[in-house]
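Presented below is the structure to which this report refers.
The values are calculated or read from the model by the stated rules, or taken from the named source; none is laboratory data. Small disclaimer: the values here were computed from a predicted structure and weren't measured. Glycine also receives a Cβ, built like all others from the backbone with ideal geometry; neighbour counts cover every protein chain displayed. Areas reflect the complete protein model, heavy atoms only, side chains present, ligands, DNA and RNA absent. Shrake-Rupley method; radii C 1.70, N 1.55, O 1.52, S 1.80 Å.
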Amino acid sequence: MHVVKIKPAREKSALHRHPWLFSGALAPLADTPTSGETVKVLDSSGRFLGWAAWSGESQIRLRFWSFDERETIDRDFFRRRLSRAIQLRAGMDRASDAMRLVNGESDALPGLIVDRYGEVLVLQLLSAGPEAWREVLCDELQALTGARAIYERSDADVRELEGLPLRSGLLRGELPTVTDITEHGLRYRVNVAAGQKTGFYLDQRANRQRIGGLARGADVLNCFCYTGGFSLAALRGDARSVLSVDSSGDALDAARVNLGLNDLSSERAEWVEADVFQYLRLLRDKAQSYDLIVLDPPKFAPTAQHVERASRAYKDINLWAMKLLRPGGHLATFTCSGGMSAELFQKVVAGSAWDAKADMQLIERFTADVDHPVSLNFPEGDYLKGLLLRKV
Ligand code: SAH
């Protein structure tokens, strides 16, 4: 086993159990471990810090599996960690038969995402560590959950930073012809093979339910609607009309299918394939207005380096949404950018209100739902932030 020493005075984050160490913190090595290999990490005076997975190509060179010297990183270790993550979610399946079972670093399994859609598990291996343990993770997940199929969606761009190829496909069992889930009584068809991310945005579950509750009698505009999550929740909440916008024709087709799976009136729903940035301006030109607007864009700032450009994009869409909002109306606005802090997001949105000459009140803050916990040692995991605002 390779032993990796870190430079003097660089051990603080590991002592605080932050799961990452960057390449700049490491002392020079005689020979290099292979990617995914488990290494022993010591501070500059030789004191044990933890067991970590080596990522040769990534700036995040080490991701800690454990800070306990007595632990061995083997099949039993992964069974214990997976089983703990699953047990921590006991009882959470009342709202839905789909949930995140493993939330990476925050479940002490860096780089591993596991989402359950009914009897199907979708696995994302985002770094070299879990990549090396792929077979073991599959075996243990199947044994622990009795899943009918395990599908891999390791096709996220972050894999490139690890020097890993993008990959997706069936790993175990057989996919059912359709994978339907029921969330708060609404049925959605999830395309685990070709949908975005692992197929569905489970993190917004509680927020869809909350916003559905604000929709009674409202004219609703749902921007970046994907497969219609917020749209269906609003229709079920007795919205008067729901206009949903997305740039993906496939997502809109799936949204129409989802509408058909539920006993909801399709006359009140309109689906538009368009770029939201342009479409908001068009709606303003047509003097349209709404009682409830949802803005749930993709991540504009994957890392802190993109924050400035992302801020301009957030400011723009929020400004136009505020102009389209009727007095007394609600705006639910989100960012899922890891690089954007809650504080900065609120500042940017306040800038939109100023430019739109709109008086807006903050009513509530949104986060990801309870199956997406955030370890306090890993603030980077707190990616989804939202604000519920009301126009005075
Ligand atoms: N609210 C959704 C998830 C939204 S994901 C839910 O609850 O399920 C973000 C969506 O934005 C994706 O469907 C993507 O196709 C869409 N998108 C990205 N850029 C866009 C743009 N410029 N205009 C319109 N839609 C866009």
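Within region 337-352, track down each residue that is open to solvent by 30 Å² or more (accessible area, probe 1.4 Å) and part of a loop (DSSP other than H, G, I, E, B). Steps first, please.
Start the filter on region 337-352 by keeping residues that are open to solvent by 30 Å² or more (accessible area, probe 1.4 Å), which leaves 338, 341-344, 346-347, 350.
Of everything in region 337-352, those that are open to solvent by 30 Å² or more (accessible area, probe 1.4 Å) and part of a loop (DSSP other than H, G, I, E, B) turn out to be G338, S341.
Any residue at all in region 59-73 that's among the aliphatic types (A, V, I, L, M) and modelled with pLDDT under 95?
From region 59-73, those among the aliphatic types (A, V, I, L, M) are 60, 62, 73; that's our starting set.
Now drop any that are not modelled with pLDDT under 95, which leaves none.
Checking region 59-73: not a single residue is among the aliphatic types (A, V, I, L, M) and modelled with pLDDT under 95.
Conditions tested, residue by residue: (1) open to solvent by less than 40 Å² (accessible area, probe 1.4 Å); (2) at pLDDT 95 or above; (3) of a type in the set (S, T, N, Q); (4) not assigned by TED's automatic domain parsing to the domain that holds P298.
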position	(1), (2), (3), (4)
R116	no, yes, no, yes
S127	yes, yes, yes, yes
D157	no, no, no, yes
G185	no, yes, no, yes
N191	no, yes, yes, yes
Q209	no, yes, yes, no
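For region 356-383, residues that are surrounded by 16 or more Cβ atoms within 10 Å (Cβ to Cβ), free of Cβ contacts under 8 Å to residues at least 60 places away in the same chain and not in a helix (DSSP H, G or I) total 4.
Determine whether region 259-272 contains at least one residue that is within 20 Å of D316 (Cβ to Cβ), modelled with pLDDT of 95 or more and small (G, A, S).
Our first condition is that a residue be within 20 Å of D316 (Cβ to Cβ); within region 259-272, this holds for 272.
Okay, now just the ones that are also modelled with pLDDT of 95 or more, so 272.
In the following step, the residues that additionally are small (G, A, S) were identified as none.
No, every residue in region 259-272 fails to be within 20 Å of D316 (Cβ to Cβ), modelled with pLDDT of 95 or more and small (G, A, S).
Scan the helices (runs of 4 or more DSSP H) fully inside region 143-260 and keep the ones with 3 or more residues being touching a Ser or Thr at 6+ places or on another chain (Cβ under 7 Å), within 15 Å of the ligand (Cβ to nearest atom) and not hydroxyl-bearing (S, T, Y). Break it down stepwise before answering.
Working: elements: 158-161, 205-212, 229-236, 249-260.
Counting at least 3 such residues, we get 249-260.
In region 279-297 there is no residue matching the filter, namely being of a type in the set (A, V, I, L, M), touching a helix residue (DSSP H, G or I) at 6+ places or on another chain (Cβ under 7 Å) and assigned to a loop (DSSP other than H, G, I, E, B).
Within region 1-19, the set of residues being surrounded by fewer than 19 Cβ atoms within 10 Å (Cβ to Cβ), of a type in the set (A, V, I, L, M, F, W, C) and not in a loop (DSSP other than H, G, I, E, B) comprises V3, L15.
With respect to the numbered conditions (1) within 11 Å of the ligand (Cβ to nearest atom); (2) surrounded by fewer than 21 Cβ atoms within 10 Å (Cβ to Cβ), which one is the sole condition not fulfilled by K323? Of (1) within 11 Å of the ligand (Cβ to nearest atom); (2) surrounded by fewer than 21 Cβ atoms within 10 Å (Cβ to Cβ), only one is false for K323: (1). The residue of region 263-295 that is nearest to R326 (Cα to Cα), among those that are in contact (Cβ under 8 Å) with a residue 60 or more places away in the chain and within 15 Å of the ligand (Cβ to nearest atom), is L292.
Just one of the listed residues (S55, S83) is of a type outside the set (A, V, I, L, M) and assigned by TED's automatic domain parsing to the domain that holds E135, and it is S83. Residues of region 222-281 that are open to solvent by 50 Å² or more (accessible area, probe 1.4 Å) and of a type in the set (A, V, I, L, M): V257 alone.
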